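Working notes, beginning with the structure itself.
The values are calculated or read from the model by the stated rules, or taken from the named source; none is laboratory data. Nothing here was measured: the structure is a model prediction, and the numbers come from that model. Backbone-built Cβ (ideal geometry, glycine too); neighbour counts: all protein chains shown. Ligands, DNA and RNA are stripped out before the accessible areas are found, and what is left, the full protein with its side chains, is counted by its heavy atoms. Shrake-Rupley method; radii C 1.70, N 1.55, O 1.52, S 1.80 Å.
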Amino acid sequence: MAKVVLENVSKIYPGGVVAVKDANLEIEDQEFVVLVGPSGCGKSTTLRMIAGLEEVTEGNIYIDGRRVNDVPPKDRDIAMVFQNYALYPHMTVYNNMAFGLKLRRYPRSEIDRRVREAAQILGIENLLHRKPKALSGGQRQRVAVGRAIVRKPKAFLFDEPLSNLDAKMRVQMRTEISKLHIRLASTMIYVTHDQIEAMTMGDRIVVMKDGLMQQVATPMDLYEHPVNEFVAGFIGSPPMNFFVGTIQQGSGGLFFNEGKFSVRLHDEHMSRLTPYIGKTVKFGIRPENINDALFVANPVPEYTIKATVEVVEPMGAEVFLYCNTGKHSFIARVQSREKARVGETLNLVLDMAKAHFFDPETTKAIV
């Protein structure tokens with residue numbers, strides 16, 4: 001396996017279109033790193049540059065200490081799994097998995113051993129005689145992964161491999177790929193637009209937007225300490241709520257005034273927000289940090305707001321309440337015992353210890 005390093009890597013297409021700009025990233029040996037972001041953010045382009053399918057405009061890429069900018073894809077010792085599986089329809093599963101090894105002139109016995117070993121790992125031993133048209137989507141994806149495994153490459157690259165699967169199969173394959181990473185102890189780079197996939201699979205996550213790497217961190221670091229408003233809103237499901245208002249001095253400390261409500265800042269946040277007294281800021285709080293006052297022991301009045309329920313979504317173990325303060329709409333993720341109805345006004349308690357504040361001009365996190 002291998003360490004993968006991106007050093008000031010950029011991709012600029014003819015006409016000056018910047019797909020990736022000044023990307024710097026070190027992926028350690030045996031690490032699972034996920035590139036995540038909205039469509040057009042540059043994540044797949046970054047992966048394709050690592051694979052050698054796109055030329056690097058500026059910067060350097062190293063795999064296992066070797067600069068590979070000018071090395072053809074076939075000689076980089078990586079294996080890529082695509083969204084569309086890319087299986088040969090006229091070949092059996094066995095031959096699809098063996099084809100790359102045959103091209104490299106491996107001995108027949110070695111090919112057979114590797115194919116059957118990969119099939120056993122993926123649980124597709126009974127499918128080796130079938131052709132792709134006789135397989136389900138999940139089975140085809142396993143074959144595509146198996147074709148990569150038999151190569152025993154230095155790194156595995158996955159380009160949105162689960163996008164064509166239904167919701168249940170996505171969850172199952174997500175787990176299978178995570179197990180595979182542990183079993184193979186391999187370096188894996190995974191691209192997705194689904195932040196739930198990113199959070200549940202990656203050792204570290206690279207959040208991208210407009211060709212720029214916004215933040216590189218562990219899943220929980222991204223969740224708890226986003227560096228800017230984009231990362232805060234992208235990571236988490238449902239997404240973080242945002243309110244625009246001003247910081248004001250009041251009795252007992254500083255307050256965030258939204259116009260329809262005012263809440264006192266947590267003691268730990270006051271020093272960082274003192275320079276913003278009288279200024280506009282963006283206040284962010286996650287849906288799971290908002291609770292109905294009826295179910296909170298000794299709710300703090302200075303942390304409590306009133307809001308009208310507009311939509312109720314029972315999710316089984318929890319309930320999503322879509323509420324409105326009269327100025328901003330937001331989501332509260334509350335306990336399943338919640339019996340609120342549409343049109344009802346609730347007292348909601350905000351966990352201000354978990355609040356986030358952002359500079360509206362730079363969008364960077366203040367706290």
- Which residues' amide hydrogens lie under 5 Å from the amide hydrogen of Tyr190, considering only partners 5 or more residues apart or on another chain, with H built in the peptide plane? Val33, Val34, Leu35, Phe158
- Query: Between Asp359 and Asp112, how many nm apart are label points set 7 Å from Cα along the C-beta direction?
  - Reply: 6.7
- Compute the whole-percent fraction of alpha carbon pairs in the range 197-241 spaced more than 14 Å apart. 41
- Item | All lysines inside 26 Å of Lys11 as judged from Cα atoms, apart from same-chain residues fewer than 8 positions distant | Lys3, Lys21, Lys43, Lys74, Lys154, Lys209, Lys364
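Would you mind working out the accessible area per residue for the range 98-181, using a 1.4 Å probe, and quoting it in Å²?
Details: 4170 Å² over 84 residues.
Counting only protein heavy atoms, the per-residue value for the range 98-181 is 50 Å².
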- Message: Using only the heavy atoms of the protein chains and a 1.4 Å probe, how would Lys179, Lys209 rank by accessible area, largest first?
- Response: Lys179, Lys209
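Sort the following peptides by mean Cβ neighbour count (other Cβ atoms within 10 Å, averaged over residues), highest first: 236-247, 84-95.
Working: 236-247: 18.2, 84-95: 15.6.
Highest to lowest by the protection proxy: 236-247, 84-95.
Using a 1.4 angstrom probe on heavy atoms only, work out the carbon and sulfur share of the accessible area of the range 3-120 in %. Could the numbers behind the result be given before it?
Details: 2800 of 5910 Å².
About 47 percent, which is the carbon plus sulfur part of the accessible surface.
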- List every residue whose amide H lies under 5 Å from the amide H of Gly42, counting only residues 5 or more places away in sequence or on a different chain, with H placed 1.01 Å from N in the peptide plane. Gly211
- Message: Could you tell me the relative contact order of the chain? Use alpha-carbon pairs under 8 Å, at least six residues apart, and round to a whole percent.
- Response: 15
- Counting only residues 5 or more places away or on other chains, whose amide H sits under 5 Å from the amide H of Asn241 once H atoms are built in the peptide plane? Ile285, Arg286
- Hz values of 3J(HN,Hα) by residue in the range 31-40 - Karplus curve (6.51, -1.76, 1.60), Gly and Pro given as x: 8, 10, 10, 10, 9, 9, x, x, 4, x
- For the range 48-62, 3J(HN,Hα) per residue [Karplus equation, 6.51 cos²θ - 1.76 cosθ + 1.60, θ = phi - 60°, Hz, x = Gly/Pro]: 5, 5, 5, 6, x, 7, 10, 6, 7, 6, 9, x, 9, 10, 10
- Using the Karplus curve 6.51 cos²θ - 1.76 cosθ + 1.60 with θ = phi - 60°, work out ³J(HN,Hα) for each residue of the range 351-365 in order, rounded to whole Hz, and write x for Gly and Pro. 7, 5, 5, 10, 6, 10, 10, 10, 6, x, 7, 8, 6, 6, 5
- With both partners inside the chain, how many of the DSSP beta bridges are antiparallel, as a percent to the nearest 5? 75
- Query: In the range 305-362, carbon and sulfur make up what percent of the accessible area (probe 1.4 Å)?
  - Reply: 48
- Solvent-accessible area per residue, Å², over the range 216-367 with all protein chains present [probe radius 1.4 Å]: 48
- Under 1.5 on a/c is rounded, so check that first for the range 41-154, then, if it is not, pick prolate when a/b is larger than b/c and oblate when it is not; a ≥ b ≥ c are the square roots of the alpha carbon gyration tensor eigenvalues. prolate
